[in-house]
Structures are given as C-alpha cells and as structure tokens.
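> One structure is given below, represented as structure tokens, and several questions about it will come after.
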Amino acid sequence: MKFDIFCEIQRAEPWPADHEASLFRETLEQAEAADAAGFDVWWEVEHHSAPAFSYSSAPALVLAAIAMRTKRIHVGHAGVLAPFRINNPYRVAEAAATLDVLSGGRLELGLAKSGGKEWETFGVDPEKARDQVREGFSVISRFWTEDQVSWNSPDFVIPARDCIPKPLQKPHPRLWQTCGSPESFRMAGEMGVGCLGTTLLSPVSFMGQMIQEHEAGLAACLPAGKTINREKGIFTFVHVADTREAAIRNGAALAALWYVHAAPIIFKVPRAVWYDAIRAGLHPNSARSTAALTGSDETSLDIAPDELPVLRLLKLMARGESVSKEEAHDVLEQLDSVVIGDVDHCRDKLEAYRNIGTDRMMCLMQFGAIPHAAVLRSMALTGEHLIPHFARGESAALRA
C-alpha cells in the first residue's frame, strides 16, 4: 500500500492577517516535505466558492508550482470538475498535458462529478453531470493520443483540431474518478479508470464494499482510455503524532469533526441525509443513504440519550456549542476509518485499509485548524515509520 497526500488547501477560522498568502506558502512547504518523506502522489482537489473549506480553486496552477519545487512526487488533480459548464474537456486536455510535460511525466488526472453550490455557480444540469464525466474520459484520452480529433455529441462539439502539447507519459497519464456511491465506483471500473473514494467517517468495511463495486466494474470493462487503471485510492483523515497526547494537543480529531460539520454546508447536502448516512455507516453519497432524503434541509438537533457519540458532537457543533479537543479525540479514536494518534495506533488503523485492498492511502493531513508545524511532523513520522512498513508488507505479500 502506497501513501499519498490529499490536499484541500484548508484552514478553519480564526485566521491570521495574511491568511490566504500564508496558507499557500504553507501548502507549498508541505508539498516539499511530502516529497522528501516519500509520499507517492500529491492530490489537489478543485472547489469553488468554498471559503475556509478549500482555497484550491485553481489546482493546475498550484500543482505546477509544486512540480517546480519537487523532484519525484507525482502531481494529481483529483479531480477536475467534469461537467462541461465548469471545465471544457479540450481545455482540460491542454492544461493537463502541459502539467505532465512541466513535471517531467508526473501527472495523475482524475475527474469528479461535483455538485451543490458548484453546480449552481456554473449552471450545471444535474441530469447531465454523470454522463459528462464518462464522456470526458473518452474525449480527453483521444485529444492526448490522436491528431485532428473532432467530437460531436449533444453536450460537446468541436471540429477537427490538434490538441497540444501531448503528454510526456505514453500513451497518456493514468486516469482516475472520484467516487462516493456504489454506482460511481462501478462506473469507474467499467471505464477502466482508478477509483478515488472518501470515508467521511464511514467504516472501513463500507469502503471495502465500494472496492468490490470497482472490481465488478472492471470485470465488464470497456476502457475509456488507452490503458486500464485497476488501482483503488481511499481518502481519510490522517494525523500522526509522537504521542497520543500530542495528537490531542494538535486538535486533529476536533479538526476532523469541523471538516465533517462544514462539508454538508459547502456541498448543500441536507443534514438529515448526512446524519442518516453516519447512523447507517454509509458515505453520504451512497444511494442507500440519499434514499432517506425528505426534501427538507431541516433536521432535529435534539440529542437523544442513546445518540451516536459522533452525532452528538456534530449536533453540538451545529448548535454553536463548544466541543473539547479531548472529547473529540475520545470519540473519533473509536472509529476505524479515522487515523489519528501515535505511530503504533495509526499503523494498526492503516492495516484495516490494506486488508480491504486499498492500493493508495490518500492522507488528508492539512485540515481544520491543525498547526502547520504539526502537519509537517505528521508527514515526517509517516515517512519514517509508516511508508517503509507498508512497503515492506507489500513486498512480502508479493514474495508470498
């Protein structure tokens, strides 16, 4: 199992006076640290109109800066918001190929369906979004590998044109899809692209089920590109500290709770759906969880005597009440998908991800209000202890 970084360019309030400039400086320093520590890919998200939650509105520019500052780490765009009203696939192919050339052949490209406020911002038709993800993979791979490509579909028309430059990697960089629902995991497999899943507190066993959906799709694969990418990447909260007490002091669990509290606001997912998914042990994008949607954004913030501990804390945050670092840590420490603690504790948690077939552990390390120095320390400890451990385990498995 390899280790990647997943980055939102995120900082919760309160903010320093030079908030935006210092946040980007810290992000670039963290990318250099990740390269030195042995992480395999730096994944940059794309979000728009998401203050505090993500300042990664121009990820290709950030990834170009990272490529210029690093030597070996791959630069991954996960993912390009694929609806054509947001990103024209011809422009995506141009920009991505340019980044592959500038990085010396280190690009990884993912596409994402997006949703919520981003669909509203750009006027996306929700009924077309998933089909445009599928179409995007096919047309981008052709722009990369063929000359004088024309395309004529109901949503995208272009006369015969050369798309330049061509990627340095041949036949083209690896393709990925960000996935949240069983349907999207299976779709990624059917197209022959890797899947990038997110936990958002859902159990590791649920992610195991989603990996099986990807495998089922691969069994019926008709590749959208020129190659098949069978790898599975899973994103989760990771903070490795010298001691459990240091992890609590750094506020990592409280930062993870802040993230999960803020996400439905940013992406306009009704809290009723969000909370129902957590109760059921599902990802909020799961079809089974969204089936519970009532059509209302309102949900009770009353806390029942037998309330799930993590929901109790999320409801306290939604009510504007404080949650302590210690309480947040005590609760999230019990969730198998959250990797926060000392080296030994994190190693044990990560074994569960390897056991379900995860190829790439996408570590979100800069989240909430975790201090920059603590993020750098987490990366260093991961590089010193965890990356070698899981590389050795992989080699042993291959030898067996």
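> So which of P16, P83, P51 ends up being over 29 Å from V269 (Cα atoms), out of contact with any Gly (no Cβ under 6 Å at 6 or more places or on another chain), in a loop (DSSP other than H, G, I, E, B) and not aliphatic (A, V, I, L, M)? Before you say what the answer is, go through the steps one by one.
Working: P83 fails: over 29 Å from V269 (Cα atoms); P51 fails: over 29 Å from V269 (Cα atoms).
Of P16, P83, P51, the one residue that is over 29 Å from V269 (Cα atoms), out of contact with any Gly (no Cβ under 6 Å at 6 or more places or on another chain), in a loop (DSSP other than H, G, I, E, B) and not aliphatic (A, V, I, L, M) is P16.
> Can you name every residue in the stretch 327-350 that is surrounded by fewer than 13 Cβ atoms within 10 Å (Cβ to Cβ) and either charged (D, E, K, R) or in contact with an Asp or Glu (Cβ under 9 Å, 6 or more places away or on another chain) (or both)? I'd like the intermediate steps shown before the answer.
Quick first cut of the stretch 327-350, residues surrounded by fewer than 13 Cβ atoms within 10 Å (Cβ to Cβ) only: 334, 344, 348.
Correct list: D344, D348.
> With the requirement that a residue be farther than 22 Å from V339 by Cβ and assigned to a helix (DSSP H, G or I), what does the stretch 168-211 give you? Can you show your working first?
Start the filter on the stretch 168-211 by keeping residues that are farther than 22 Å from V339 by Cβ, which leaves 168-175, 177, 181-184, 186-193.
Matches in the stretch 168-211: P182, E183, S184, R186, M187, A188, G189, E190, M191.
> M207 passes all but one of (1) touching an Asp or Glu at 6+ places or on another chain (Cβ under 9 Å); (2) hydrophobic (A, V, I, L, M, F, W, C); (3) in contact (Cβ under 8 Å) with a residue 24 or more places away in the chain; which number fails?
For M207, the failing item is (1).
> Out of the residues in the stretch 100-131 that are closer than 22 Å to G233 by Cα and not small (G, A, S), which is surrounded by the fewest Cβ atoms within 10 Å (Cβ to Cβ)?
R130
> Also, I was wondering about something else. Taking C179, is it surrounded by 23 or more Cβ atoms within 10 Å (Cβ to Cβ), touching a Gly at 6+ places or on another chain (Cβ under 6 Å) and not aliphatic (A, V, I, L, M)?
Numbers: surrounded by 23 or more Cβ atoms within 10 Å (Cβ to Cβ): yes; touching a Gly at 6+ places or on another chain (Cβ under 6 Å): yes; not aliphatic (A, V, I, L, M): yes.
In short, yes.
> Separate question: Do you know which residues across the stretch 115-132 are in contact with a Pro (Cβ under 6 Å, 6 or more places away or on another chain) and either of a type in the set (A, V, I, L, M) or farther than 10 Å from R85 by Cβ (or both)?
Listed by number, the residues that qualify are V124, A129.
> Test of understanding: among W274, W258, which residue is modelled with pLDDT under 95, aromatic (F, W, Y) and part of a helix (DSSP H, G or I)?
From the options W274, W258, the qualifying one is W274.
> Considering every residue within the stretch 90-106, establish whether at least one is under 30 Å from F39 (Cβ atoms), in contact with a Leu (Cβ under 9 Å, 6 or more places away or on another chain), modelled with pLDDT under 95 and in a loop (DSSP other than H, G, I, E, B).
No, that holds for no residue.
> Can you tell which of E326, E351 is within 28 Å of S378 (Cα to Cα), touching a residue at least 40 places away in the same chain (Cβ under 8 Å) and of a type in the set (D, E, K, R)?
Result of the check over E326, E351: E326.
> Note down all Cβ pairs under 6 Å where the first residue falls in the stretch 358-374 and is modelled with pLDDT of 95 or more, the second is among the acidic types (D, E) and part of a loop (DSSP other than H, G, I, E, B), and they're at least six residues apart or on different chains.
D359/E231
The values are calculated or read from the model by the stated rules, or taken from the named source; none is laboratory data. As the structure is a prediction and not an experimental result, all values here were calculated from the model. Using ideal geometry, Cβ is built from the backbone for each residue, glycine included, and neighbour counts are taken over all protein chains shown.
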